[in-house]
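Peer 1: Please see the structure below; I have some questions.
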Amino acid sequence: MGIQFILGALVSLGALGGTLLLLNFVFATAHQDPASVAAYAGLAGAMILMGCFGAGLTWGADAWLVARFHPAVILFPLRRSLPD
């Protein structure tokens, strides 16, 4: 998932997958330090925002992919169209 953010390709899908992995890690280790749950929730929120706001559409490969394929295919889980 990290390579998707570095390349800017399929950022929406990577954000959703990364959030699910991060939340899985939080729920598996929350019994050790309940205060860390808020920090991980903040990171999960940041990942979702990157996917929702179309990160990768300016300098990333998503702009190139959207030009060649339908935008709903590239931006699938968190977006349906290009940002205004």
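The values are calculated or read from the model by the stated rules, or taken from the named source; none is laboratory data. Note that the structure is predicted; figures quoted are calculated from it, not measured. No Cβ is skipped: glycine too gets one built from the backbone with ideal geometry, and neighbour counts run over all protein chains shown.
Peer 1: Would you mind telling me which numbered condition in (1) among the small types (Gly, Ala, Ser); (2) over 13 Å from the mean Cα position of the chain (by Cα); (3) on the phi > 0 side of the Ramachandran plot residue 8 fails?
Peer 2: (2)
Peer 1: Now for a different question. Please identify the pairs in which a residue from segment 60-84 that is over 17 Å from residue 4 (Cα atoms) and at pLDDT below 85 has its Cβ atom under 9 Å from the Cβ atom of a residue that is of a type in the set (A, V, I, L, M) and not in a loop (DSSP other than H, G, I, E, B), counting only partners at least 6 apart or on another chain.
Peer 2: 80/72; 81/72; 82/66
Peer 1: Would you point out which residue out of 17, 51, 42 is on the phi < 0 side of the Ramachandran plot, touching a helix residue (DSSP H, G or I) at 6+ places or on another chain (Cβ under 6 Å) and among the small types (Gly, Ala, Ser)? Before the answer, list the steps.
Peer 2: Numbers: 17 fails: touching a helix residue (DSSP H, G or I) at 6+ places or on another chain (Cβ under 6 Å); 42 fails: touching a helix residue (DSSP H, G or I) at 6+ places or on another chain (Cβ under 6 Å).
Among 17, 51, 42, only 51 is on the phi < 0 side of the Ramachandran plot, touching a helix residue (DSSP H, G or I) at 6+ places or on another chain (Cβ under 6 Å) and among the small types (Gly, Ala, Ser).
Peer 1: Which count do you get for residues in segment 54-84 that are assigned to a helix (DSSP H, G or I) and either of a type outside the set (Gly, Ala, Ser) or surrounded by fewer than 15 Cβ atoms within 10 Å (Cβ to Cβ) (or both)?
Peer 2: 10
Peer 1: Show the residue pairs meeting these rules: Cβ distance below 7 Å; 6+ apart or different chains; first residue within segment 1-28 and farther than 18 Å from residue 61 by Cα and hydroxyl-bearing (Ser, Thr, Tyr); second residue surrounded by fewer than 20 Cβ atoms within 10 Å (Cβ to Cβ) and modelled with pLDDT of 85 or more.
Peer 2: Filtered contacts from segment 1-28: 19/44; 19/48.
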